[in-house]
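Engineer: Can you keep this structure in mind? I'll have questions shortly.
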Amino acid sequence: MNLILFTFIVLLGFTSYYFGRKKAYTIQSTKKRLTALPQFYGYYLAIWCAIPAFIIFSLWAIFEPTIVKLLILSDYSNQGYLDDELNLIYEKTKALSRGQFTGEITPFIEASAEKYLSLRSIAQSSKVVIVLSAIIASVAYAYKRISSNSRTREPVEKFLNAVLFTASLAAILTTVGIVFSLIFQTIDFFKVIPLFDFVFGTHWYPAKAFVRDSSEALDPTMYSDTFGAVPIFAGTFFIAFIAMCVAIPIGLMSGIYLAEYASYKVRQYAKPLIEILAGIPTVVYGFFAALTVGPFLKELGTSMGLEVSAESALAAGGVMGIMIIPFISSLSDDVITSVPQSLRDGSYAMGATKSETIKRVIFPAALPGIVGSILLGVSRAIGETMIVVMASGLAANLTLNPLESTSTITAQIVVILIGDQAFGDPKTQAAFALGMSLFLVTLCLNIVALKVVKKYREKYE
Amino acid sequence: MNKNKEQLLNKRYKAEQRFRLYGQSAIFMALLFLTLFIFKIFSTGYSAFQKTWLIVPVTFDAELMMLEKNPSKVDIQDADYYDIALKSMADLDLNANEDQENELKRMVSYFFEKEIKNELLNDPSLIGKTKEVYLTASDDLDQVFKGNYPRDLPEDQRRVSDYQLKIFDQLVANGKVESKFNISFFTNADSREAELAGIASSFMGSIFSILVCLMIAFPVAVLAAIYLEEFAPKNRFTDFIEVNINNLAAVPSIVFGLLGLGVLLAIFQLPRSTPLVGGITLSLMTLPTIIIAARASLKAVPPSIREAALAMGASRMQTTMHHTVPLSMPGTLSGTIIGLAQALGETAPLILIGMVAFVNTIPGSPMDPAASLPVQIYIWAESAERGFVEKVSACIMVLLGFLITMNLFAQIIRHKFEKKWS
């Protein structure tokens, strides 16, 4: 229904464009000067057709469900139901009206479902009528304005400008959405679990916090010693550390080699090949780590008499490091290439070899940029999910042994939220609290890294 | 003194060579990882494109099928195939006892009844006759035939019994086992049985998600980039937007999954596990990538173009829409494709919004529950059955094939259509 109406409105829009332009031509044929190109007359009319439809559509989408719900539940208002029960009744009504209801059908609910259906059909038809009449009214108004040959380009351009501006707000809206989705659950979580226990507790067993019966009161003592995030934070930074131990030397050295030593040909082929590593989906790395690297390390360890878990931090961290190599190599390559040639020439003139120049002159000059790229790499490593979920353990051990399994923030979020979630349950909220800490940590890293890189760029521009 | 100097110089030259070697070996290592990686995926995955069939003589006994004389099409459709299917498997070894008959039955997929039925539906004249029918081998025997199965394990540690292996070897010796291209891998939906599992459902899920993502992210990002690059006044607010975009580009993908879960599912009540929600979540993720690419390519359009248009009396909006934006499109498009390729490989946010549910139907619209290719890789990689290992690799090959094609496409657009301003 909505789709038909929508198509119809789009068609109306095109027709109004056509009529607007035609009007402009008739004005032109009477030897009057147009105030804008004929298309603008068309756009003007089309915009006036689309705006009221759009506004009514969105208002309807926002208010219709609430009003229908109010009307349905007004039948039950004097019978002393609780809010939760009323919500349940409403859900049942909706399910029944869709024919998806399983369970006992009471006459009450049947009546409500019928009422629901009739309300919906009334709403639908009144929507069609209101939208169409609004379009007719506003198009008629706009047509009158066109006929009097008033300005059309300025309003159209103003409208376009507003559309462009709204689009640019999308980035802010996304950030707001992230904060919004995280913050409420996090606050609820900290109402049950004290912040202190979360940040300094050393035991993390979210499985202990089974889904609670909603009739039971929330008992905070039940969760003591369940949500201590220290092992998770430690695991996250530990795995990121292992990853950086792989990524920094390889990435940095390849970046330096590509920027300073490599011939044009080598650079032309090696650079995109290394960047392929960045394009491989992380789930593929995870599979590689779990299927190949993990068992390989285990076998290697056993042959040396070490006990290696099949899901070790080393496997996950190592593979993650491979993934991060291209980030560090490309960024440091860029940074090193943008160091001014005069610095190099000065150093060579003093008799320094190439490697001495790189180590003593270029590297210090490029250091801020390199640090920035490393920080971005760290932020990637901390936020990486699939490799850890697949290759490292899911049990949160507090350990610094790379051969044992550890868990990370991201892996725990996935473990908790995979499958069905019950909102309002401390376990689910814990995942959001972890997400919040992840967001904050990576945000700080990103801001610092971007600042450092930007400052560095300005220095040599 | 002179000797000392020479020694020092030698030392310095050695250090120079060492340093060079470090660089070379770093690049070598990175490329080694890449080759190792691709080799591993291909060597485990290529066999999934072949499927093993057992050729079993089936007697279409009308009595056993409960068919009367001269049955109609509907009768054939409704006939009972279980008995003849069982019998034809049991007849592989005439001396089999009841347990062994059961084992014989498990040598083929549980789909075998339907395969026999299709045979008869294609040729109803087969009633009362015997014909050799191709039946899908069970995933374990499939692996045995491909040589991936550890046959020398003690019997109690593997799922294939010695008896099944004996019969299977006889069949192989008689040429009754054949390997053909695995079409069902591309046409079947996911299944709990490795031999029947295919990527069709997750493939469609990926396509739908990417389409939704494209339809939302591309227009919004391009419009935002136009505003920021061409119209925005330089003030604190636009600076703030800019900082936001740069930060969003580096926010971990799983946080977007939490956004999808907390806002799209919990507040807007959109249907769970659907490519619609997945696509919206991915579009928020790709938005900054496309904005950054579009801005860069708008910036690359030389000011002379704008000045010429303005000088001819075009308004700023006309200049932008008629000249700057079309000229920047190749760069924007290739940036969009690269962003979409990233989104196509994304797994974590989709898991959070429930696209990991087991879906054994092929979705027909973005509103149907579905998985996506990377999520399918994750699901299969987590399942213990041996038959899934090669499926995972094959699925990865399909996914990588897609990503490579998209990236090549982006390159081509960039090189073919982008104007070089000198």
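Engineer: Quick one: which of B:VAL356, B:VAL277 is aliphatic (A, V, I, L, M), under 19 Å from B:CYS213 (Cα atoms) and more than 12 Å from chain A (Cβ to nearest Cβ)? Let's see the steps before the verdict.
Structural biologist: Values: B:VAL356 fails: more than 12 Å from chain A (Cβ to nearest Cβ).
Exactly one of B:VAL356, B:VAL277 is aliphatic (A, V, I, L, M), under 19 Å from B:CYS213 (Cα atoms) and more than 12 Å from chain A (Cβ to nearest Cβ), namely B:VAL277.
Engineer: Just to check your reading of the model, which residue among A:GLY351, A:GLY383, A:GLY372 is under 27 Å from B:THR347 (Cβ atoms) and assigned by TED's automatic domain parsing to the domain that holds A:LEU306? Explain how you work it out, then say what you get.
Structural biologist: Numbers: A:GLY351 fails: under 27 Å from B:THR347 (Cβ atoms); A:GLY372 fails: under 27 Å from B:THR347 (Cβ atoms).
Going through A:GLY351, A:GLY383, A:GLY372 in turn, the sole match is A:GLY383.
Engineer: Go over the candidates B:ASP99, B:ASP91 one by one and state the one that is more than 37 Å from the chain's Cα centre (by Cα), in the same structural domain as B:THR52 (by TED's automatic domain parsing) and under 18 Å from B:ASP169 (Cβ atoms). Lay out the reasoning, then the answer.
Structural biologist: Details: B:ASP99 fails: under 18 Å from B:ASP169 (Cβ atoms).
Only one candidate qualifies: B:ASP91.
Engineer: Would you say A:THR406 is facing chain B (nearest Cβ under 10 Å), buried (at least 21 other Cβ atoms within 10 Å of the Cβ) and under 25 Å from B:THR347 (Cβ atoms)?
Structural biologist: Numbers: facing chain B (nearest Cβ under 10 Å): no; buried (at least 21 other Cβ atoms within 10 Å of the Cβ): yes; under 25 Å from B:THR347 (Cβ atoms): yes.
Here the answer is no, as A:THR406 does not meet what is asked.
Engineer: Still on this model: Taking the condition farther than 25 Å from A:THR236 by Cα and either assigned to a helix (DSSP H, G or I) or among the small types (Gly, Ala, Ser) (or both), does A:LYS427 pass? Step through it out loud before you land on a result.
Structural biologist: Numbers: farther than 25 Å from A:THR236 by Cα: no; either assigned to a helix (DSSP H, G or I) or among the small types (Gly, Ala, Ser) (or both): yes.
It is false that A:LYS427 is farther than 25 Å from A:THR236 by Cα and either assigned to a helix (DSSP H, G or I) or among the small types (Gly, Ala, Ser) (or both).
Engineer: Report yes if some residue within segment B:216-235 is more than 30 Å from B:ILE183 (Cβ to Cβ), surrounded by fewer than 18 Cβ atoms within 10 Å (Cβ to Cβ), within 14 Å of chain A (Cβ to nearest Cβ) and within 27 Å of the chain's Cα centre (by Cα); otherwise report no.
Structural biologist: Residues of segment B:216-235 that are more than 30 Å from B:ILE183 (Cβ to Cβ), as a first pass: B:216-235.
If we keep only those that are surrounded by fewer than 18 Cβ atoms within 10 Å (Cβ to Cβ) too, we end up with B:219, B:231, B:233-235.
Subsequent filtering for residues that are within 14 Å of chain A (Cβ to nearest Cβ) retains B:219, B:231, B:233-235.
From what is left, the residues that are within 27 Å of the chain's Cα centre (by Cα) are B:219.
Yes - at least one qualifying residue is present in segment B:216-235.
Engineer: Condition check: modelled with pLDDT under 80 and polar (S, T, N, Q). Does B:ASN148 satisfy that?
Structural biologist: On the way: modelled with pLDDT under 80: yes; polar (S, T, N, Q): yes.
Considered against the rule, which asks whether it is modelled with pLDDT under 80 and polar (S, T, N, Q), B:ASN148 comes out as yes.
Engineer: Return the residues of segment B:236-252 that are more than 8 Å from chain A (Cβ to nearest Cβ) and in contact (Cβ under 8 Å) with a residue 40 or more places away in the chain; say none if nothing qualifies.
Structural biologist: Residue satisfying the conditions is B:ALA249 alone.
To keep it simple, each residue is scored yes or no on (1) surrounded by fewer than 15 Cβ atoms within 10 Å (Cβ to Cβ); (2) more than 42 Å from the chain's Cα centre (by Cα); (3) at pLDDT 80 or above.
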position: B:LYS14; (1), (2), (3): yes, yes, yes
position: B:SER43; (1), (2), (3): yes, no, yes
position: B:LYS51; (1), (2), (3): no, no, yes
position: B:ASN70; (1), (2), (3): yes, yes, no
position: B:LYS73; (1), (2), (3): yes, no, no
position: B:ALA79; (1), (2), (3): no, no, no
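Engineer: Something else about it: Considering segment B:353-373 alone, what residues qualify as being more than 19 Å from B:GLY260 (Cα to Cα) and surrounded by fewer than 18 Cβ atoms within 10 Å (Cβ to Cβ)?
Structural biologist: B:PHE358, B:ASN360, B:THR361, B:GLY364, B:SER365
Engineer: Follow-up question, since we're still on this one. Can you pull out the residues in segment A:118-166 that are within 14 Å of chain B (Cβ to nearest Cβ), at pLDDT below 85 and surrounded by 15 or more Cβ atoms within 10 Å (Cβ to Cβ)?
Structural biologist: Pass one, segment A:118-166, residues within 14 Å of chain B (Cβ to nearest Cβ): A:151-166.
With the extra rule that they be at pLDDT below 85, the set shrinks to A:151-152.
Answer for segment A:118-166, where residues must be within 14 Å of chain B (Cβ to nearest Cβ), at pLDDT below 85 and surrounded by 15 or more Cβ atoms within 10 Å (Cβ to Cβ): just A:THR152.
Engineer: Also, quick follow-up: Would you mind finding the one in B:ASP152, B:ASP169, B:ASP139, B:ASP156 that is buried (at least 20 other Cβ atoms within 10 Å of the Cβ) and outside the structural domain of B:THR281 (by TED's automatic domain parsing)? Please lay out each step first, then the result.
Structural biologist: Values: B:ASP152 fails: buried (at least 20 other Cβ atoms within 10 Å of the Cβ); B:ASP169 fails: buried (at least 20 other Cβ atoms within 10 Å of the Cβ); B:ASP156 fails: buried (at least 20 other Cβ atoms within 10 Å of the Cβ).
Only one candidate qualifies: B:ASP139.
Engineer: Being out of contact with any Phe, Trp or Tyr (no Cβ under 8 Å at 6 or more places or on another chain), within 17 Å of A:SER138 (Cβ to Cβ) and loosely packed, with under 12 Cβ neighbours inside 10 Å is the requirement here; does A:SER58 meet it?
Structural biologist: So A:SER58 fits the description; yes.
Engineer: Further question on the same structure: Helices (runs of 4 or more DSSP H) wholly in segment A:79-180 with at least 1 residues that are out of contact with any helix residue (DSSP H, G or I) (no Cβ under 8 Å at 6 or more places or on another chain) and more than 30 Å from A:LEU11 (Cβ to Cβ) - which ones?
Structural biologist: Details: elements: A:83-98, A:107-147, A:153-168.
Helices (runs of 4 or more DSSP H) meeting the threshold: A:83-98, A:107-147.
Engineer: Against the condition more than 9 Å from chain B (Cβ to nearest Cβ) and modelled with pLDDT of 90 or more, how does A:GLY346 come out, does it pass? Steps first, answer last, please.
Structural biologist: Details: more than 9 Å from chain B (Cβ to nearest Cβ): yes; modelled with pLDDT of 90 or more: yes.
When the stated conditions are applied, A:GLY346 passes them.
Each row is one residue, and each column tells you yes or no for (1) in a helix (DSSP H, G or I); (2) hydroxyl-bearing (Ser, Thr, Tyr); (3) surrounded by 24 or more Cβ atoms within 10 Å (Cβ to Cβ).
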residue: B:PHE268; (1), (2), (3): no, no, no
residue: B:SER273; (1), (2), (3): no, yes, no
residue: B:VAL277; (1), (2), (3): yes, no, yes
residue: B:LEU282; (1), (2), (3): yes, no, yes
residue: B:MET285; (1), (2), (3): yes, no, yes
residue: B:THR289; (1), (2), (3): yes, yes, no
residue: B:ALA293; (1), (2), (3): yes, no, yes
residue: B:ARG306; (1), (2), (3): yes, no, no
residue: B:ALA309; (1), (2), (3): yes, no, no
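Conditions tested, residue by residue: (1) of a type in the set (S, T, N, Q); (2) farther than 30 Å from B:PHE240 by Cβ; (3) without any contact (Cβ under 8 Å) to a residue 60 or more places away in the chain.
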position	(1), (2), (3)
A:TYR90	no, yes, yes
A:GLU104	no, yes, yes
A:GLU110	no, yes, yes
A:LYS115	no, yes, yes
A:ALA140	no, yes, yes
A:ASN149	yes, yes, no
A:ALA171	no, no, yes
A:THR175	yes, no, yes
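Engineer: Just to check your reading of the model, which residue among B:VAL160, B:VAL251 is assigned to a loop (DSSP other than H, G, I, E, B) and either touching an Asp or Glu at 6+ places or on another chain (Cβ under 7 Å) or among the acidic types (Asp, Glu) (or both)? Spell out the reasoning first.
Structural biologist: On the way: B:VAL251 fails: either touching an Asp or Glu at 6+ places or on another chain (Cβ under 7 Å) or among the acidic types (Asp, Glu) (or both).
Answer to the selection: B:VAL160.
Engineer: Yes or no: segment A:217-230 includes at least one residue that is modelled with pLDDT under 85, in contact with an Asp or Glu (Cβ under 9 Å, 6 or more places away or on another chain) and assigned to a helix (DSSP H, G or I).
Structural biologist: Yes, that holds for at least one residue.
Engineer: All but one of (1) closer than 29 Å to A:LEU400 by Cβ; (2) touching a residue at least 60 places away in the same chain (Cβ under 8 Å) hold for A:PRO295; state the number of the condition that does not hold.
Structural biologist: (2)
Engineer: Counting only residues that are acidic (Asp, Glu) and exposed (fewer than 12 other Cβ atoms within 10 Å of the Cβ), which one in segment A:61-88 is farthest from the chain's Cα centre (by Cα)? So that I can check it myself, show each step before the final result.
Structural biologist: From segment A:61-88, those acidic (Asp, Glu) are A:64, A:75, A:83-85; that's our starting set.
Imposing the further condition that a residue be exposed (fewer than 12 other Cβ atoms within 10 Å of the Cβ) reduces the set to A:83-84.
On the way: A:ASP83: 33, A:ASP84: 31 Å.
Checked segment A:61-88; the qualifying residue farthest from the chain's Cα centre (by Cα) is A:ASP83.
Engineer: Return yes or no: is B:ASN95 assigned to a loop (DSSP other than H, G, I, E, B) and of a type outside the set (A, V, I, L, M)? Don't jump to the end; show me each part of the working.
Structural biologist: Values: assigned to a loop (DSSP other than H, G, I, E, B): yes; of a type outside the set (A, V, I, L, M): yes.
When the stated conditions are applied, B:ASN95 passes them.
Engineer: Checking the condition within 21 Å of B:SER253 (Cα to Cα), among the β-branched types (Val, Ile, Thr) and out of contact with any strand residue (DSSP E or B) (no Cβ under 8 Å at 6 or more places or on another chain), which residue from B:VAL375, B:VAL398 passes?
Structural biologist: On the way: B:VAL398 fails: within 21 Å of B:SER253 (Cα to Cα).
The unique qualifying residue is B:VAL375.
The values are calculated or read from the model by the stated rules, or taken from the named source; none is laboratory data. A quick note: this is a predicted structure, and the numbers were derived from the prediction, not measured. With ideal geometry, Cβ positions are generated from the backbone for all residues, glycine too; neighbour counts draw on all protein chains shown.
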